[in-house]
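Colleague: Dropping a structure here in structure tokens format, bear with me for questions.
The values are calculated or read from the model by the stated rules, or taken from the named source; none is laboratory data. Bear in mind that the values here come from a model prediction, so they are computed numbers and not experimental data. Cβ sites come from the backbone with ideal geometry, for glycine too, and all protein chains shown count toward neighbours.
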Amino acid sequence: MRLRLTLVYSGLFLLAGAVLLAVTYGLVAHSLDTSTSALTGAQVSQYLNSEIKTCEAKVSSPDQAASCKEQAKLAGAKLAQASVASERTQTLGRLLYYSLGALAAMAVVSALLGWIVAGRALRPVHAIIAAARRASEENLGERIGLAGPQDELKELADTFDDMLARLEAAFASQRRFVANASHELRTPLTVMRTAIDVTLAKPSRTPAQLEAMAAEVRQAADKAEALIEALLTLARSDRGQGPREPLDVAVLAEDALDEAAPVIRASSVRVDAVLRPGPLRGDPVLVGRLVMNLIDNAVRHNISGGWLHVATGLRDGMAFIDVTNVGPRIPDDLAPALFEPFRRLDERSGSAEGLGLGLSIVRSVAIAHNGYVSARPRSAGGLEISVLLPAATS
């Protein structure tokens, strides 16, 4: 790049110099053409006088003397023109010679200056390259921090710093997810192993103890299966791959409410549903899981005798589903953390129920379908979650 910039600088200088030289040469040549009479000097006058005297000495009549003078004047004019042409040719030759020499010397100087200037201009690029080479999964805290005017290179360096910041946050989130997933998967296995070891350690095991151990192992296995299914759903939605079929968010919400009806009745939660058609195209499994997680989250983190509001329809060309529930008050600064994997806010429900992946799957599915999700804590307690997905075009 530095060599190419240098060649471009030098080529542009040579082109501009050649044009300037051509214009100067043309102006000087035109000026010399119009100054013929000014170039007849004393040598031409002396030549004319000598020729006239010689001619007068050879002739005897006045007519011959006049003719001799005319011939001498014509010879003098030709001599003057030859002298002017010779002087003009020599002047233009010297002008061209010195101009080409100066142009060649300045071309060398411009190449040297172009090399230096290109090096200084590309110095930030070398800083970006060095930062990219130093960056790795363990060293994403590297930043360029380029100072200077707000030009294209400054913008490039700032964009690279922003990219490193996003990568650092993504890798940190991935490490937290792996650590939390390992912990969550290890917990039911530990419960099963402990239940089995405790039961087998008893010298005389009764059928009731074996049945209690089996029930505990079954419960832990169900939890592990649900966690694995949630992790697979989250991974599938993160890839953004899957079939796209015509769906209606109102139908999905109605199905989810029907499936959650036993839990809703057991918690004495009042449901207020305003389900208007919200057509879209998406993965039926993922979008269905999104709606189910929203309603399950609102029911699970509700209060006994509370209420639940579900609304669907179209808004600004997007299919939407709004789910609002009543419950303990949630600080505004903690609302974004609800969408992080394995983040449980115990103050919401007073229990550690759930896998901590419900709203993470909601956000991942929404992003995979080019949608948006937002959460707004209610001042009176509870949470309002809104999901917008691109509506199906007819």
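Colleague: Against the condition farther than 30 Å from Glu340 by Cα, touching a residue at least 40 places away in the same chain (Cβ under 8 Å) and crowded, with 17+ Cβ neighbours inside 10 Å, how does Gly114 come out, does it pass?
Modeller: When the stated conditions are applied, Gly114 passes them.
Colleague: Hey, Asn297 hits all of (1) of a type outside the set (Asp, Glu); (2) surrounded by 16 or more Cβ atoms within 10 Å (Cβ to Cβ); (3) more than 13 Å from Leu257 (Cα to Cα) but one; which does it fall short on?
Modeller: Result: Asn297 fails condition (3) only.
Colleague: Can you pull out the strands (runs of 3 or more DSSP E) entirely within the stretch 258-349 that have at least 1 residues that are in the same structural domain as Tyr372 (by TED's automatic domain parsing) and free of Cβ contacts under 8 Å to residues at least 40 places away in the same chain? Give the derivation first.
Modeller: On the way: elements: 270-275, 279-282, 307-315, 318-325.
Fully inside the stretch 258-349 and qualifying: 270-275, 307-315.
Colleague: Collect the residues in the stretch 124-139 that are farther than 19 Å from Ala165 by Cβ and exposed (fewer than 12 other Cβ atoms within 10 Å of the Cβ), keeping them in residue-number order.
Modeller: His126, the sole residue that qualifies.
Colleague: For the stretch 214-234, which positions are among the hydrophobic types (A, V, I, L, M, F, W, C), under 21 Å from Ile361 (Cα atoms) and surrounded by fewer than 12 Cβ atoms within 10 Å (Cβ to Cβ)? Steps first, please.
Modeller: The initial filter retains those residues of the stretch 214-234 that are among the hydrophobic types (A, V, I, L, M, F, W, C), namely 214-215, 217, 220-221, 224, 226-228, 230-232, 234.
After this cut, where a residue has to be under 21 Å from Ile361 (Cα atoms) as well, the list is 224, 226-228, 230-232, 234.
The answer is Leu232, and nothing else.
Colleague: Test Val387 against the criterion of being touching a residue at least 40 places away in the same chain (Cβ under 8 Å), of a type outside the set (Ser, Thr, Tyr) and part of a helix (DSSP H, G or I), and give yes or no.
Modeller: On the way: touching a residue at least 40 places away in the same chain (Cβ under 8 Å): yes; of a type outside the set (Ser, Thr, Tyr): yes; part of a helix (DSSP H, G or I): no.
Answer is no for this residue.
Colleague: So Glu216 passes all but one of these: (1) outside any helix (DSSP H, G or I); (2) at pLDDT 85 or above; (3) not basic (Lys, Arg). Which condition number does it fail?
Modeller: Answer for Glu216: the failing condition is (1).
Colleague: Restricting the search to the stretch 188-213, which residues are surrounded by 14 or more Cβ atoms within 10 Å (Cβ to Cβ), in contact (Cβ under 8 Å) with a residue 24 or more places away in the chain and of a type outside the set (Gly, Ala, Ser)?
Modeller: Pro188, Val191, Met192
Colleague: If you don't mind, another one. Quick one: Pro243 ticks every box in (1) within 19 Å of Ile385 (Cα to Cα); (2) of a type outside the set (S, T, N, Q); (3) in contact (Cβ under 8 Å) with a residue 40 or more places away in the chain; (4) not in a helix (DSSP H, G or I) except a single one, so which number is it?
Modeller: All conditions pass for Pro243, except number (1).
Colleague: Follow-up. So, of the residues in the stretch 84-141 that are part of a helix (DSSP H, G or I) and of a type in the set (Ser, Thr, Tyr), which turns out to be farthest from Asp158 (Cα to Cα)?
Modeller: Looking at residues that are part of a helix (DSSP H, G or I) and of a type in the set (Ser, Thr, Tyr), I get Ser86.
Colleague: Ala366 passes all but one of (1) more than 25 Å from the chain's Cα centre (by Cα); (2) aliphatic (A, V, I, L, M); (3) within 21 Å of Leu308 (Cβ to Cβ); (4) at pLDDT 70 or above; which number fails?
Modeller: (1)
Colleague: Report the residue count in the stretch 369-382 for those that are at positive phi and either within 29 Å of the chain's Cα centre (by Cα) or part of a strand (DSSP E or B) (or both).
Modeller: Result for the stretch 369-382: 1.
Residue-by-condition table, conditions (1) among the basic types (Lys, Arg); (2) closer than 16 Å to Ala29 by Cα; (3) modelled with pLDDT of 80 or more:
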residue	(1), (2), (3)
Gln81	no, yes, no
Ala85	no, yes, no
Tyr97	no, yes, yes
Leu112	no, no, yes
